[in-house]
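Here you go, one structure.
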There are 4 protein chains.
Amino acid sequence: MRAVLRVGVIGAGLIGRDHIRRLTTVLAGIDVVAVADVDAFVAAQVAAPLGATVHPNGLALIAADEVDAVLVCSWGGTHEEYVLAAIAAGKPVFCEKPLATTREACLRIVAAEVAHGRRLVQVGYMRRYDAAYRALKQVLDSGVIGAPLMMHCAHRNAGVPAFYEPENTITDTAVHEIDMVRWMFGAEIVAVRVLRPRVSRNAGSLPDPLLLVLELANEVLVDVEISVNVRYGYDIRGEILGEDGTVSLENPGLIAVRHAGRLAGPVPGDWRDRFATAYDVELREWADSVIGGGPPAGPGSWDGYAAAVVSDAAVRALRTGDRVAVTVDERPAIYS
Amino acid sequence: MRAVLRVGVIGAGLIGRDHIRRLTTVLAGIDVVAVADVDAFVAAQVAAPLGATVHPNGLALIAADEVDAVLVCSWGGTHEEYVLAAIAAGKPVFCEKPLATTREACLRIVAAEVAHGRRLVQVGYMRRYDAAYRALKQVLDSGVIGAPLMMHCAHRNAGVPAFYEPENTITDTAVHEIDMVRWMFGAEIVAVRVLRPRVSRNAGSLPDPLLLVLELANEVLVDVEISVNVRYGYDIRGEILGEDGTVSLENPGLIAVRHAGRLAGPVPGDWRDRFATAYDVELREWADSVIGGGPPAGPGSWDGYAAAVVSDAAVRALRTGDRVAVTVDERPAIYS
Amino acid sequence: MRAVLRVGVIGAGLIGRDHIRRLTTVLAGIDVVAVADVDAFVAAQVAAPLGATVHPNGLALIAADEVDAVLVCSWGGTHEEYVLAAIAAGKPVFCEKPLATTREACLRIVAAEVAHGRRLVQVGYMRRYDAAYRALKQVLDSGVIGAPLMMHCAHRNAGVPAFYEPENTITDTAVHEIDMVRWMFGAEIVAVRVLRPRVSRNAGSLPDPLLLVLELANEVLVDVEISVNVRYGYDIRGEILGEDGTVSLENPGLIAVRHAGRLAGPVPGDWRDRFATAYDVELREWADSVIGGGPPAGPGSWDGYAAAVVSDAAVRALRTGDRVAVTVDERPAIYS
Amino acid sequence: MRAVLRVGVIGAGLIGRDHIRRLTTVLAGIDVVAVADVDAFVAAQVAAPLGATVHPNGLALIAADEVDAVLVCSWGGTHEEYVLAAIAAGKPVFCEKPLATTREACLRIVAAEVAHGRRLVQVGYMRRYDAAYRALKQVLDSGVIGAPLMMHCAHRNAGVPAFYEPENTITDTAVHEIDMVRWMFGAEIVAVRVLRPRVSRNAGSLPDPLLLVLELANEVLVDVEISVNVRYGYDIRGEILGEDGTVSLENPGLIAVRHAGRLAGPVPGDWRDRFATAYDVELREWADSVIGGGPPAGPGSWDGYAAAVVSDAAVRALRTGDRVAVTVDERPAIYS
C-alpha cells in the first residue's frame, strides 16, 4: 500500500478546521492522526469523525510517535513554542502566518533551525501557490518583459473582522504582498513608506485605504493599495512593469452576463473565493516535499522572519509617516 | 479511521492511467485496489506501486470482493460487457465515454439498470463539472436572462490524432456539446443538421470545420462550430441567448502580457489545460455519491444512450447533408 | 479659398436630418445648398437655418445647377427614380439603403450606370466604415489567420419600431450583415437558409430570434443570429474563423466599474451609440471621393443590387424554411 | 449661409499644422484665414492651399480684422506674449500647453484676463475631451462608487524624442495627469512627491520610470507611473478607488486575434492613436463655445497656471527627493 503522511494539527479554530478538511477530504495520501486545541471539547469534536487522537496540548502532539509532521494553526502568540518544539523533535512543521509575533522570536526559530542543520519549517504564505501569481513569475523569469522596474498592487477586502486594529492592515493584510514581492523579485525589501489617502466613510476607526510603498534591494519599487472595507468584493491586483513590457493579473471571471445595458462578470466575494485552490496546492506541495524527505518546498523560517521585519517597519511607517529603512540580518546558508 | 472507497480500474491506457493518478495522488479517501488490462504487463506495471491486485480480465476484477466500485477505461467496444457485469454485481460503475458503441448496446444497459431497480452507472461527460459551464447554468437557471432561445458554441482543437475519421468529429468531439446542451437546457435533441463550410488546408482528409445545428424539444436552437485542426490552441466557447440577455464563457486567462505592440493572454493548448480541474471534480463527486450510498451524481446510462442516438443522427446528417430527426425512447422513471 | 462640396438632400426625415446635421456641423468642406421633401413645410424648416434652397421635388433638386451631388434619404419606394435622375444628370448620388425595393429596379439602376460609363452611385451600407470591422478585414487580409472558413455573427437590437414586419428582420436588420460579408470576403452569397429557434416572449408577432446561414461562392459559411427584441442593449458581434486562427470584434467598452460584486462595462443602447462614427466616416470618405472627382469610394449600385437579391432569397427562406439558392447576374466591368 | 469661425494660427510646426488640418479638413464651420510662423517660408507653404493670409508675426495676425479667434501653437517661450496680445485685443485664444513657461508668466496672463473681465483663454489639455476619461468622470460624479479616495495612473510612452531632459518627464508627460486629476476631482494639488524606481536600460540618461505621488486638497491621493521608454506601445491607464467601488479605463482594443497560442489585441502605438479623437473634440467644443459667444468651454488660464505651479513643484521633488508642498494663489472669481 502507499505511504500515508500522518499529520498532527495544533489549533482547531477556523483555519485549523479548514486545513483538516483539506487534508482529509480533498488531498490524497494524508491522514490527520492527532489534534490539539486549548479547548479540549473542540479538539474532541474535530478529532472524532477522523478517528484522530486528542492530545492535551501541542507539545504532547508534537512528541507523539504517530505524528510524522505538524500543522500549527493556533493563535500567533503560541507559534514560537510549537515551531521550536517541532524543530527539536526533528519533525517537519507547517506554521500558519505569522511565523512568530516578534522579530526576535523569528530569529530564535531561524537559529534553532540553523543549529538543527536543515530546513524543517514552512510558513503559510499561500500567494506563492496561486496559479495567476505563478504565471506572473513565469513571464517575469522568462525575460520577455525585460528586467523588472516597478510593481503596482492592490489588495482589497470587502470588509474585515471587528477585531481589526490599524496595524492589522499591515500585519494581516499587506503582509501577503510583502512576502509575495520578496518571492517574485528574489530580493529583500530595504525601505517602507505608508501614505494615507482620504479615509473612507466605510473605514470605521481604521486608516483605510493606505498606499504602501516598498523599496527592494534591487531598486524595484512596489506600491500597494490596501483597502479593507471596499464593499464591492475581494480584489487582488498586480502588474509588473518591466523594461520592455508588463505582465498583470487578470480578472479571473469565468463567465460574462449581458443584461440591462451592461456586460458584467463576477468579482470574488472574499479570499476563499479567490485563493481556495492556492491553499490546496500549498498543502499538496508541502506534503509532497515532506513525503519526499526533502526540505519544505515553500517559504521557510527566513521568509517568516523577513516578513516580520518588514511588517514591523511598515507599522512604524504607518504611525510616523516616515520612510523607514529595513535591516535584515545576513541570510544563513541553509536558506539560500 | 475514515472509510476509503476501493476502486478497480479496467483499462490502463492513457485515460485509465490518468484516472488512476487522479484517484491515488489527487483525491482524498480513495484507493485503487485492482487493475485489469488486455496487456497484462501494463496492468502489472501500473498496479505495482499502488500495491493493487492485477486481475486477468475486467469480469474477474468486477467480481472481486475487495472492489467497491469500478472504473471502465478500456476500449469502447468492451464497455457494454463490463458495465452490464457491474450492474449484475450491483456495483457502482463509472464508464468513460461512450457508454457503448451502438444505440442498441446502450439500450441493453438501460434495460439492465432499470431491471436492477436503481441507477449504478455514470458516464464520463466531464463538461458538467467544469466551473465555467456550471456558472453558465447557474445564471440560466436563475432566470435573469429569461428563457433560453439559442446557444452558440465552438469546439476547437489545435489538432487531432492520426486515427481521426470524419465521424470522430461527431462521436469524439461534438459529443461533448451534445451531452452538455441536454444537461444545460434539460431537454432532448430532436433534430440535427451538419453544414460543411470551406475545408481548411490543415484538415487532411477530414471535413473540417463543420457547423452542427441542434434542435431541442423545447425549441432552443444550438449551433456548434467543430474545428479540429485550428492550430492556435484549444478553444471552447459558448454563449446562451435568453429573452432578456445572454451569458457566455469567458476566456479563462489568468494573466495578460503587454509586449511588442500587443496585449496578449494565453490560450489553452489542449483539453488537459482547459478541463484538468473538471476531471478532478467529476471523479470527486462521483466517489462522494458512491461513498454516500446514493445513485451517481452525474450523467447516467440514459444520458449515454441519448448521446449515442444524437451522435448517430449527426453522423448520418454529416454523410447525407440532410436534417435528421432524432427519436429517443421514452425515458424510464429511474432517470427522471 | 477651399472648394466646398455643394450637396442637395432629398428627404428630410429622421435619417435625412441626421445626415444634414453631419454634413453641416460635423464634416468640414461641405455645404447643404438644397433640400426637398414630400412635406414642403418640413423642407422649409430644415432648409432655413442653412440658407438652403427648398425645391418642390427631388427631380428639381437634382436638376439645380448649384447642386454638385445628391443625398437620397427619402422613402425607399422613391429611390429608383431619384438615383436614375442623378445618373442622367451625371451627378454623384449617395442613396440610403435600400438602393431600390426590387431586384428589377436595382438592375435598371445598374444598367443606367453602365450606360453612363462610370460609377456615380454609393449606397449607405455603413458597416464598411466602422473601425472595428475595418480592423477585422485588415487582419483577415494580412493572412495571419490563414484563409477564412466561417464567420459567426450576431445582430441584436434592444427593440425595433412598431412597424416591423417579419421580413424587416431580413431587409432592415440582417441586410447589414449581408453587405458586410460580401465586402469582408470579396465573394457573392450563393445560398441562404433561415432557421427558426424558440420565439422570445418579447417578440410580439415577429419571428425572433432567427439564425441566418449564408453560403458564399468561396465556400465560406456565415451564421448570423438576428435578435430584434433582446432588451439588454444593441450588440453587434462577429468572429472570423481562419485556417490558423480567428479574429473577432471585441466589446467596445471604454471603462469598467467594479461595484456590488460585479465588474461591469456598458453595452451600447442602440445603433447610434455603436455606429455614430461609422456614419461620419462614411460621408467623409464619400465626399472626399466626390471632391476628388473619382468614383464613389464605397459600396455601389452593384452592391445594392446584390444585397437586394440576397435579401429576397432570405425572405423566401424565412417563409418556406428551405435553403434558397441565390443567382446574381454577371457583374459588369465597371464594378470589378 | 452659416456663420464660419475665422481662425488665425500662430506657429506652423508639427502641432500647428496638425491643428490646421483638423480645422480645415475635419471640423465643419471653421476657416483658417491667417497663418504666422517664425519661418516665413513655412508659413507661406502652409497658407497657400488654404488661401490664408501670411502675417509677418503673431502680433500682426492677432491684430488682423479678419481673425475672429487665435490658435497659439508656437514655441512655449512665446506663448505669454501672444496670449496677452489676444486678451488685449479681446479675441478668444486657444493656447497649446504650456500656457507659459513660468509661474509668473501664467499669473500675468491670469491678471490680464481678470482685468479684461471675462475668460478668453483655453489651454490645450485634451485629456478632458477623451471619451474614456469623460466616462470615468461621469461614473464618479454619479456617486455610484462613493466619494473618491485614490487614483492609480500610468502614463507610458514607447519612446520619447531625443531632446527629452529629465524635467520633460514632468512638464511634457506627467503634466497631462496633473491637469486631468484637478479636473476629475475638482480639487487643487497641494503636495507632490517623485519616487525613483530602478532605471530601465532603455532610459538613456533619463530618470525612467518615475512614481509621481500627488496629494489633493480633498485628501484624494493619486499615484502616477511615468514611463517614457517602455517600448511596447503607448499605454494610458487609470483607476479611481471610491468608497464603494472603482472605475477604470479599459484597454480600447476593437478586435482580438487568436493565433499561435495567444489571444491578443493591439496596444496603441503613440498618443495620436490613442487621443486622435480627443483632439478633434477639443477643438470642436472650443470652436462651438467661441461661435456661441460664451467663454471657452475647456481648461483656462487658471488651469494653465495651476499646472505650471504643480509641475514646478514636481520638478523640484524630482531633483530633491523631497515631498514638496504646492501653494496656489486664491482663485479669482471669473474662474470659479
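Quick check: net charge around B:Gly58, other residues with Cβ under 11 Å of its Cβ, Lys/Arg +1 and Asp/Glu -1?
-2
Further question: Name the shape class, rounded, prolate or oblate, that the alpha-carbon gyration tensor gives for chain A, where a ≥ b ≥ c are the square roots of its eigenvalues, rounded holds for a/c under 1.5, and otherwise prolate holds if a/b is larger than b/c and oblate otherwise.
Taking the square roots of the gyration eigenvalues as a ≥ b ≥ c, chain A is prolate.
Right, here's the next one. Anyone know which of A:Ile236, A:Ile109, A:Ile62 comes out most mobile in the 10 Å Cα GNM of chain A?
In the Gaussian network model the winner is A:Ile236.
Kindly give the distances from A:Ser142 to its copy-mates, label point to label point, with each label point 7 Å from Cα along Cα→Cβ, as nm values to one decimal ordered shortest first.
Here A:Ser142 shows inter-copy label distances of 1.9, 3.4, 3.7 nm.
Counting only residues 5 or more places away or on other chains, whose amide H sits under 5 Å from the amide H of A:Gly242 once H atoms are built in the peptide plane?
A:Leu149, A:Val247
Calculate the spin-label point distance for D:Glu285 paired with A:Glu285, positioning each point 7 Å from the Cα along the beta-carbon direction, and give it in nanometres.
If labels sit at A:Glu285 and D:Glu285, their model points lie 5.0 nm apart.
Could you work out Rg/(2.2 N^0.38 Å) for the range B:246-336, with Rg from alpha carbons only?
Values: Rg = 20.2 Å, N = 91, 2.2 N^0.38 = 12.2 Å.
Against the compact-globule rule of thumb, the ratio is 1.65.
Quick one: order C:Arg17, D:Arg319 from most to least accessible surface, probe 1.4 Å.
Sorted by accessible area, descending: D:Arg319, C:Arg17.
For the range A:1-40 and the range A:44-61, compute the distance between their C-alpha centroids and round to whole Å.
Answer, in whole Å: 10.
Highest GNM mean-square fluctuation, chain D, Cα pairs closer than 10 Å: which of D:Ala308, D:Ala158, D:Ala36?
Residue with maximal mean-square fluctuation among D:Ala308, D:Ala158, D:Ala36: D:Ala158.
To check my understanding: the extent here is largest minus smallest coordinate of the Cα atoms along each principal axis. What are those three numbers for the protein assembly as shown, in Å, largest first?
If we take the Cα atoms of the protein assembly as shown, the spans are 102, 79, 44 Å.
Now, a different point. Evaluate 2.2 N^0.38 Å with N set to the residue count of the range D:252-297, then give the Cα radius of gyration divided by it.
The reported ratio for this selection is 1.88.
Compute the Kirkwood hydrodynamic radius of the range A:1-122, taking the inverse of the mean of 1/r over all pairs of distinct Cα atoms, and give it in Å to one decimal.
On the way: mean 1/r = 0.0700 Å⁻¹.
Kirkwood radius, the range A:1-122: 14.3 Å.
Another question, if that's okay. Please tell me the relative contact order of the range B:168-254 in percent, rounded to the nearest whole number, where contacts are Cα pairs under 8 Å and at least six residues apart.
21 percent
For an R0 of 25 angstrom, estimate the FRET efficiency from the Cβ-Cβ distance between B:Asp39 and B:Glu66 and round to the nearest 0.05.
My answer for the efficiency is 0.65.
If you average the C-alpha positions of the range B:288-336 and of the range C:118-138 separately, how far apart do those two centres end up, in angstrom?
Answer, in whole Å: 47.
What net charge do the residues around A:Thr327 carry, taking every other residue with its C-beta under 12 Å from that of A:Thr327, with Lys and Arg at +1 and Asp and Glu at -1?
-3
Hey, another quick one. With every protein chain left in place, what is the accessible area of A:Asp37 in Å² (1.4 Å probe, nearest 10)?
30 Å²
Heavy atoms only, 1.4 Å probe, whole protein assembly: order D:Ser74, C:Ser205, A:Ser227 by accessible area, highest first.
Of D:Ser74, C:Ser205, A:Ser227, the descending order of accessible area is C:Ser205, D:Ser74, A:Ser227.
Another one. Per residue of the protein assembly as shown, what 222 nm ellipticity follows from adding -39500 (n - 2.57) for every DSSP H run with n ≥ 4, rounded to the nearest 500?
Calculated at 222 nm, the ellipticity per residue is -10500 deg cm²/dmol.
Regarding the range C:111-209, what whole-number volume in Å³ per residue does the convex hull of its Cα atoms give?
Output value, Cα hull per residue: 169 Å³.
OK, next. In chain C, what percent of the accessible surface is made up of carbon and sulfur (1.4 Å probe, ligands and nucleic acids excluded)?
The nonpolar share, carbon plus sulfur, comes to 53 percent.
Taking the Cα centre of the protein assembly as shown as origin, work out the dipole magnitude from +1 charges on Lys and Arg Cβ and -1 charges on Asp and Glu Cβ, in debye rounded to 20.
Working: 128 positive and 164 negative charges, 0 e Å.
Rounded to the nearest 20 debye, it is 0 debye.
Now a separate question. Ordering C:Arg201, A:Arg119 from largest to smallest accessible area (1.4 angstrom probe), what's the sequence?
Numbers: C:Arg201 150, A:Arg119 50 Å².
Ranked from most to least accessible, the order is C:Arg201, A:Arg119.
Can you list the lysines whose alpha carbon sits under 23 Å from that of C:Lys137, skipping same-chain ones fewer than 8 residues off?
Filter leaves C:Lys97.
Now for a separate question. What is the sum of charges, Lys and Arg at +1 and Asp and Glu at -1, for the other residues whose Cβ falls under 13 Å from the Cβ of C:Arg134?
Once all neighbours under 13 Å are counted, the net charge is -1.
Give me a single rounded figure for A:19-25: the average over its residues of other chain Cβ atoms within 10 Å of their Cβ.
2
When the Karplus curve 6.51 cos²θ - 1.76 cosθ + 1.60 is applied with θ = phi - 60°, which whole-Hz ³J(HN,Hα) does each residue of the range D:269-278 get, with x for Gly and Pro?
x, 7, 5, 5, 4, 7, 10, 3, 5, 4
Dipole of chain A, Cα-centred, from +1 at each Lys and Arg C-beta and -1 at each Asp and Glu C-beta, to the nearest 20 debye?
That gives chain A a dipole magnitude of about 680 debye.
Then there's this: Taking a probe of 1.4 angstrom, what is the accessible area of D:Cys106 in Å², to the nearest 10?
0 Å²
Would you work out the relative contact order for chain C, in percent, from Cα pairs under 8 angstrom that are 6 or more residues apart? If you can, show how the numbers build up before the last one.
Values: 656 pairs, mean separation 63.2, N = 336.
Value for chain C: 19 percent.
Can you give the direction-averaged projected area of the convex hull of the alpha-carbon atoms in the range B:193-293, in nm²?
Over every viewing direction, the Cα hull of the range B:193-293 projects on average to 11.4 nm².
Provide a whole-number value for the mean count of partner chain Cβ atoms within 10 Å of the Cβ atoms in peptide A:127-140.
For this peptide, the per-residue mean of nearby foreign Cβ atoms is 2.
Still on this structure: How big is the charge dipole of the range B:97-190 about its Cα centre, in debye rounded to the nearest 20, if each Lys and Arg gets +1 on its Cβ and each Asp and Glu gets -1 on its Cβ? Working shown, then result.
On the way: 11 positive and 10 negative charges, 67 e Å.
Once rounded to the nearest 20, the dipole reads 320 debye.
Averaging sequence separations of C-alpha pairs under 8 Å and six or more residues apart, then dividing by the length of the range B:240-299, give the relative contact order as a whole percent.
On the way: 29 pairs, mean separation 9.3, N = 60.
Relative contact order of the range B:240-299: 15 percent.
Let me ask something additional. How much accessible area does A:Leu318 have with a 1.4 Å probe, in Å² rounded to the nearest 10?
A:Leu318 has an accessible surface of roughly 10 Å² with all protein chains in place.
Please say if the range A:75-133 is rounded, prolate or oblate, where rounded means a/c under 1.5 for a ≥ b ≥ c the square roots of the C-alpha gyration tensor eigenvalues, and otherwise the choice is prolate for a/b larger than b/c and oblate otherwise?
Prolate.
What list of whole percents do you get for P(r) of the range C:21-87, with Cα-Cα distances grouped in 5 Å bins up to the one holding the largest distance?
3, 17, 27, 27, 18, 7, 0
The values are calculated or read from the model by the stated rules, or taken from the named source; none is laboratory data. Computed from a predicted structure; not experimentally measured. Every residue, glycine as well, gets a Cβ built from its backbone with ideal geometry; the counts of neighbours run over all protein chains shown. Each accessible area value is taken on the protein alone, full model and side chains, heavy atoms only, with ligands, DNA and RNA left out. Shrake-Rupley method; radii C 1.70, N 1.55, O 1.52, S 1.80 Å.
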